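Notes for the one structure printed next.
Each reported figure results from applying straightforward, stated rules to the coordinates on display, with no laboratory input. If you're wondering where the values come from, they're calculated on a predicted model, not measured in any experiment. Here the Cβ is made from the backbone with ideal geometry for all residues, glycine too, and neighbour counts use every protein chain on show.
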């Protein structure tokens, strides 16, 4: 009977601790949503001190470090999360993005590969892996991922823009121009889209169109477009 009573007390104590840790995580998430990142980290630390085996605590704290651009600490927390739950797809994805921000493109690539093994139709992982291939100068692989991603989600302006940039690097100016036009169709307030479209048009000897796009880019606040307009169009 005494043993049973002690067991009940132990279980009750664990439940209370777990409830407190969960409450601290919820409070931490509220702080993070309000962009009170350092305060959120304090709460996540307290939750981890109570229960160091909850993968979500490390995941949330990793996200907080990511928001602070402390990517090395973010990677460390995502690694701890993944040591407890190796298939935590959000931790895998955010770890890959942290490595990308650290210019550790090979580990970023490996991370996006892991995400896509678990979820082959994950547009964000395809898009970010494409940009990682771009950084690694594996441009044809980047195009393949952009193609697959845009099949899944065809109205992503940034994806059309980044694929256009990749085509441009491959000297495929006609294909780049098609994608720049599509990006502008989807979002006509981005000065970069018009600027890069203009440079592509100059490569295709479409001088009048290029000058018009430089003017549009300038009107949207791109000062570099002013310089090119003076050099190429006046």
Highest first, please rank the peptides 139-150, 23-34 by the mean number of other Cβ atoms sitting within 10 Å of their residues. 139-150, 23-34
Tell me the angle of helix 89-101 to the major Cα principal axis of the chain, expressed in degrees between 0 and 90 and rounded to the nearest ten. 50
Relative to the chain, whose Cα atoms define the longest principal axis, helix 2-33 and its Cα axis are tilted in degrees, nearest 10, by 20
Packing-based order for 40-46, 219-225, using average beta carbon neighbours within 10 Å, highest first: 40-46, 219-225
Relative contact order of the chain, pairs being alpha-carbon contacts under 8 Å that are 6 or more residues apart, as %: 8
What is the packing order of peptides 89-100, 206-217, taking the mean over residues of other C-beta atoms within 10 Å and listing the highest first? 89-100, 206-217
Could you please state, rounded to a whole Å, how far the C-alpha centre of segment 205-234 is from the C-alpha centre of segment 47-78? 45
What is segment 9-84 by shape, rounded, prolate or oblate, if you read a ≥ b ≥ c off the alpha carbon gyration tensor as root eigenvalues and call it rounded for a/c under 1.5, prolate for a/b larger than b/c, and oblate otherwise? oblate
Report, to the nearest 10°, how far helix 191-203 tilts away from the longest principal axis of the Cα atoms in the chain, using its own Cα long axis and a range of 0 to 90°. 40
Convex hull over the Cα atoms of segment 175-234, averaged projected area in nm²? 3.5
Candidate values (1) 49, 19, 13; (2) 69, 20, 16; (3) 35, 20, 18, label of the one derived for semi-axes √(5λ) of the Cα gyration tensor in Å: (1)
